[in-house]
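K.L.:
Structure in structure tokens, see below.
Since every read-out is calculated from the coordinates, none of them should be taken as a lab result. Small disclaimer: the values here were computed from a predicted structure and weren't measured. Ideal geometry is used to build each Cβ from the backbone, glycine not excepted, and the neighbour counts take in all protein chains shown.
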Amino acid sequence: MRKIASFSVNHDTLKPGVYVSRTDGDAVTYDLRMKTPNAGSYISPKSLHTIEHLLATYVRNSKYTDQVIYVGPMGCRTGFYIIMRDCVSKEALIELLKEAFDFIAGFSGGIPGSSRIECGNYLEHDLNAAKADAAAYVEILKTVTPYTMTYSE
């Protein structure tokens, strides 16, 4: 089988940030890398699940709702993928992510979509851990520009 694009990235040199992972037609996949791969510190499953619910809810309720194709976690628990239509500029995406992760870092109340009826693993959430992970990523997002969104070789 052909090696997929995300497995072609050198994970030993990858740092937290935001990267353009691939472009397929008008769909751009962004790598929201929150943790350094293979460094021993990962997002806990409960935090990852909670961030997924809050991030997806936030971006799908933003002014870019019609441009959001997908939001989901990486299996390695180092971040997320978000797939957007290419009509959303890199600058706009960065601002959206800053707003979304600020929202998560400061969130209080019930986690959207976390009832037994709405979620297939409704007991696996940790809002406090999600808030801490989001706050750490907010600091990383402050350094992201359209010029830093390319994987280094």
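K.L.:
Using alpha carbons only, how many degrees (0 to 90, rounded to 10) separate the axis of helix 45-60 from the longest principal axis of the chain?
P.N.:
80 degrees
K.L.:
Cα-Cα over 21 Å: which of LYS3/LYS35; LYS35/LYS142; LYS46/LYS131; LYS3/LYS98; LYS3/LYS46; LYS3/LYS142?
P.N.:
Result: LYS3/LYS35; LYS3/LYS98; LYS3/LYS46; LYS3/LYS142 exceed 21 Å.
K.L.:
Moving on. Please report the spacing between the Cα centers of segment 101-153 and segment 21-81 in Å, no decimals.
P.N.:
Segment 101-153 and segment 21-81 have Cα centres spaced 8 Å from each other.
K.L.:
Can you give me the relative contact order of segment 10-105 as a percent, contacts being Cα pairs under 8 Å and 6 or more apart?
P.N.:
Value for segment 10-105: 29 percent.
K.L.:
Regarding segment 18-104, what are the three Cα extents along the principal axes, ordered largest first, in Å?
P.N.:
Principal extents (Cα only, largest first): 36, 25, 18 Å.
K.L.:
Next question. Run the simple label-point estimate for ASP24 and TYR151 please: 7 Å along Cα→C-beta, distance reported in nm.
P.N.:
1.5 nm
K.L.:
Put +1 on the Cβ of each Lys and Arg and -1 on the Cβ of each Asp and Glu in the chain; which of SER115, ILE43, ASN61 then has its Cα farthest toward the positive end of the dipole?
P.N.:
Value computed over the given set: ILE43.
K.L.:
Relative to the Cα centre, what is the charge dipole magnitude of the chain, using +1 at the beta carbon of each Lys and Arg, -1 at the beta carbon of each Asp and Glu, and rounding to the nearest 20 debye?
P.N.:
220 debye
K.L.:
Oh, and also: Taking every alpha carbon pair in the chain, what does the distance histogram look like in 10 angstrom bins from 0, in percent?
P.N.:
11, 42, 36, 11, 0
K.L.:
May I ask for the angle, rounded to the nearest 10°, between helix 90-105 and the longest principal axis of the chain, with both axes built from Cα atoms and the value confined to 0 to 90°?
P.N.:
30 degrees
K.L.:
Follow-up. Mind checking the angle between helix 127-141 and the chain's longest principal axis? C-alpha axes, 0 to 90 degrees, to the nearest 10.
P.N.:
Orientation of helix 127-141: about 30 degrees from the principal axis.
K.L.:
Still on this model: So who's got an amide H within less than 5 Å of the one on SER62, skipping anything under 5 residues away but keeping other chains? H placed 1.01 Å off N, in plane.
P.N.:
Answer set, sorted by chain and number: none.
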